[in-house]
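Take a look at the structure set out below.
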Amino acid sequence: MKRTVKDNIIKNALLILAFLFLYNYVRSQVMFIKEDPVFFQTFLISVSIIILCAMFGCFSFRYKNTGEESIWLGHLVTALFMFGTGIMFEVLIVLVNVQLFTILSIVMYLGLVAYDFWDLLQIEKG
């Protein structure tokens with residue numbers, strides 16, 4: 001296994017551990033939002049827009065454009081976008097609290113991880 005793939009596995013494992021570690025903190029920070037229905041709706045729209053921006057960043061970034069010498073920068077960029085997306089998914093999971101929504105959020109995040117690996121493997125194809 002190439003070093004870059006190992007680095008990507010470590011990056012994604014650290015992100016998932018960070019999400020698990022931060023879940024209770026995120027929960028404590030956003031639970032009050034449910035008390036005001038108008039603010040709750042506005043907040044959900046804002047979080048959805050942030051998720052779209054972060055996912056756009058994930059999908060528009062290409063490891064192939066970074067080159068081998070600055071692959072660490074590619075890992076940093078994707079980690080930042082994936083962190084933002086994951087935290088916002090956590091916020092939505094806490095606020096909406098619907099099992100189907102939780103499952104779909106996890107599946108969508110795993111799709112981001114799969115895309116990240118697929119994009120990284122495109123470097124090997126040339």
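Summary of computed values
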{"item": "Cα-based reach from Lys125 at 26 Å (exclusive), listing lysines while leaving out same-chain residues under 8 positions away", "result": "Lys2, Lys6, Lys11, Lys64"}
{"item": "Label-point gap, in nm, between Leu80 and Met108 - each point 7 angstrom along Cα→Cβ", "result": "2.2"}
{"item": "FRET E, pair Tyr25, Leu121, Förster distance 22 Å, beta-carbon r, rounded to 0.05", "result": "0.05"}
{"item": "Computed Kirkwood radius, in angstrom, where 1/r is averaged over Cα pairs of the chain", "result": "15.6"}
{"item": "Helical mean residue ellipticity (222 nm; -39500 (n - 2.57) per DSSP H run of 4+; nearest 500) of the chain", "result": "-29500 deg cm²/dmol"}
{"item": "Gyration tensor (alpha-carbon) shape descriptor, segment 1-62, a/c threshold 1.5", "result": "oblate"}
{"item": "Using a Förster distance of 30 Å, the FRET efficiency for Leu52-Gln99 (Cβ separation, nearest 0.05)", "result": "0.80"}
{"item": "Gaussian network model of the chain, Cα within-10 Å springs - most flexible of Glu68, Glu35, Glu90", "result": "Glu35"}
{"item": "Segment 4-81, relative contact order in percent, only Cα pairs under 8 angstrom and at least six apart counted", "result": "38"}
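Only the coordinates and a few stated rules stand behind these numbers; no lab work does. The structure displayed is predicted, hence computed values, not measured ones. No Cβ is skipped: glycine too gets one built from the backbone with ideal geometry, and neighbour counts run over all protein chains shown.
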